[in-house]
Amino acid sequence: MRLSISAAILLVWFLACSRDRVSFVDYRRLALFSIFGVSINQLCYLRGLSLTTAINATILIGMIPVFTFMIALVLGRETANVWKAAGVLLAFAGVFVLAGPGSVSFDDKYSEGNMLLLTGAFAYSIYLVLARDLLSKYHPLTVVTWVFTFGSLAMLPFTWNDIGKTNFASLSLSTWLSIAFLILFASILAYFLNALALKTASSTLVAVYICLQPIFVAVLAVWVLGEVLTWTIVLSGVLIFSGLVLSATQHPTLVEG
């Protein structure tokens, strides 16, 4: 529902407002990118989260900047830079500290869920690196429109049974409002802003910002739920923001490629 309704809204925008004329070759590339950025990413994340712990998920999703940096280097999209590498590692360390090393469990019973989360994180990292090519040619919303459209179609075979079993008439107003929030903010706006950032920033820098998510969650928990602001949250925030500064600052590269 999240992806299909988002795709429908974006398609209306594309047909009514967009001036982009996407070539057939680029449609094929968009379809491929959607498999990584939407289909594999979302399916592995949702299924993996149900098979492991929330703490494990926080740590494994924090691997996205690490994967993105490695993929960008291998594909020659970015240059090896000790400062950028240090920034990525600092940001990941911040996520690890916030989650609590003692709470992380890699017991065999969580292995399937952990592997699915890693697969989803790796797939999204590929998307972040590859999507930059098309973002130099098309409006970010055009890219997001077709990534969501192809991605939602690819997910239908895996979700059709669950859709058929859902009693939509029984859903409460708060549930529909939550779905609307997921569609408008967590899907359309989030992917659009990521795409907009990718037009001018490196894939690694965009990925590092993902590490801010658990910090925002922790701060909101203090503000909304009345939880206590701990030194762990403060230390984690310092590490993540330090990582962002290092990743964003231009330094001389060590290896050209």
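Only the coordinates and a few stated rules stand behind these numbers; no lab work does. Bear in mind that the values here come from a model prediction, so they are computed numbers and not experimental data. Note that we place each Cβ from the backbone using ideal geometry, even for glycine, and neighbour counts take in every protein chain shown.
For a straight C-alpha distance cut-off of 13 angstrom, the aspartates and glutamates reachable from Lys137 (same-chain residues fewer than eight places away being disregarded) are Asp20, Asp26.
Highest average first, the peptides 144-156, 210-222, 78-90 ordered by how many other beta carbon atoms sit within 10 Å of their residues are 144-156, 78-90, 210-222. Within the straight-line cut-off of under 23 Å between alpha carbons, the lysines reachable from Lys84 are Lys199, sequence neighbours fewer than 8 places apart in one chain being disregarded.
Residue by residue, region 27-43 carries 3J(HN,Hα) couplings of 4, 5, 5, 4, 4, 5, 4, 5, 4, 7, x, 10, 4, 5, 4, 6, 4 Hz when phi is fed to the Karplus relation 6.51 cos²θ - 1.76 cosθ + 1.60 (θ = phi - 60°); x denotes Gly or Pro. In terms of its C-alpha gyration tensor, region 2-248 has an oblate overall shape, because the principal axis ratio a/c (a ≥ b ≥ c, square roots of the eigenvalues) is not below 1.5 and a/b does not outweigh b/c.
Which of the three applies to region 63-177, rounded, prolate or oblate, going by the alpha-carbon gyration tensor with a ≥ b ≥ c and a/c under 1.5 meaning rounded?
Values: a/c = 2.23, a/b = 1.26, b/c = 1.76.
Here region 63-177 falls in the oblate category.
Backbone phi angles across region 203-211, fed through the Karplus curve with coefficients 6.51, -1.76 and 1.60 (θ = phi - 60°), yield HN-Hα couplings of 4, 5, 5, 4, 5, 4, 4, 4, 5 Hz in residue order; Gly and Pro are listed as x.
Placing +1 on the Cβ of every Lys and Arg and -1 on the Cβ of every Asp and Glu, with no other charges, gives the chain a dipole of roughly 600 debye about its Cα centre. Using R0 = 22 Å, the C-beta based FRET efficiency linking Glu227 and Phe96 works out to 0.65. Between Ser23, Ser202, Ser111, the Gaussian network model of the chain with springs among Cα atoms under 10 angstrom shows the greatest mean-square fluctuation at Ser23. Let me know the shape class of region 142-185, please: from the alpha-carbon gyration tensor, a ≥ b ≥ c as square roots of the eigenvalues, rounded when a/c is under 1.5, otherwise prolate if a/b is greater than b/c, or oblate. Verdict is oblate for region 142-185.
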